[in-house]
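The values are calculated or read from the model by the stated rules, or taken from the named source; none is laboratory data. Please read these numbers as outputs of a predicted model, since none were measured by experiment. Note: ideal-geometry Cβ built from the backbone for every residue, glycine included; neighbour counts use all protein chains shown. All accessible areas refer to the heavy atoms of the entire protein, side chains included, with ligands and DNA or RNA removed. Shrake-Rupley method; radii C 1.70, N 1.55, O 1.52, S 1.80 Å.
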Amino acid sequence: MVTNDWAKARLHVVTGKGGTGKTTVASALALALAARPGRVLLSEVEGRQGISQTFDVPPLGTEETRILRLATGGEVIGLSVDAKAALLEYLQLFYKLGRAGKLLEKFGAIDFATTIAPGVRDVLLIGKIYEANRRRRDGRHKGEGPLAYDALVLDAPPTGRIGRFLSVNSEVADLARMGPIHSQAGAITQLLESERTVVHFVTLLEEMPVQETLESIAELRAKGLRPGAIVVNMVRAPLLDDAALEQARAGRLHKPSLRTQLSEAGVTVTAELVDGLIAEARDHALRVDLEREQLALLEGTGLPIVTLPALSQGVDSGSVHELAGMLVDQGMAS
């Protein structure tokens, strides 16, 4: 079980190189946090509808929609954040434009702002998460009463873009010296740099994902952001013990023993089959060596390491529940 120092965190940002299972882990973490029990918002910002595919529910829209309710009473609410909708909401919230905002959309101003203006899209996407974080159950953003969500999980952009994504508000605050844009950008930056926010990294024990993870951790630390856990996904246990791995690595597996075991299993034994198995065993041993080297590099960061197994039957809503239980067992959502 890992120990962590993010007990006060409400916003869990999940990033990882493409193909590492980032959305699956974000979904499992949302389930784990909801099992406390709690009400958890699970959001995505890339428009891929990965959350709806994971839970086998209709595509998410710009309205917060309940994905499931647990027997414990916990809930997971899903949201696909759209920059255009977020800008219209922002204009209404701060400038009370109402119908005027719709006119801006009609004349293409909204599309221009969300696709052309540098950094605006990311500001709006994070701004929507910030708004949900501070909203209360009664819909207000000030006053007394319970918050709308006990925790928020963000399926964020990949590691190659996460530093820019999370720091864009700081840059905007520097550009806009006053007014609501400056105030909101500064407040979002304060949230992201506080103990209420942690960034978790999903990786595989392969060279490129691990290298991107290490670079992203260093980048976020330099920006004053707080790394959380490293989730090593799709882990497969070695097929051989250490003694057999050593023999396989050196190409010294005992051929007569292999022939005997194959024969006892009812397999027709040929020289080509035995030689092929020995070659595969050597490749497996080298693969195990590489994975252990990569794991040592990740351990060198000093961050908690959480491991999740490879799922032979693929990912579905049932397996995500199983992964959520493993996250709880390893202390990631205690």
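So here's what we get for this one:
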item	result
In Å², nearest 10: area of M234 left accessible to a 1.4 Å probe	80 Å²
Whole-number Å³ per residue for the convex hull built on Cα positions in segment 217-300	117 Å³
Spacing of the two label points (7 Å from each Cα toward its C-beta) at A310 and L297, in nm	1.9 nm
Charge context of G38, other residues only, Cβ under 14 angstrom, K/R +1, D/E -1	+4
Kirkwood Rh (inverse of mean 1/r, distinct Cα pairs), segment 190-334, angstrom	18.2 Å
Cut-off 15 Å, label 7 Å out along Cα→Cβ of A71, residues of segment 314-333 by amide N	318, 321-322, 325
In sequence order, calculated HN-Hα J values of segment 20-37 (Karplus, 6.51, -1.76, 1.60; Hz; x Gly/Pro)	8, x, 4, 5, 4, 5, 4, 5, 5, 5, 4, 5, 4, 6, 5, 6, 4, x
Mean-position separation - Cα centroids, segment 317-334 and segment 212-229, in angstrom	24 Å
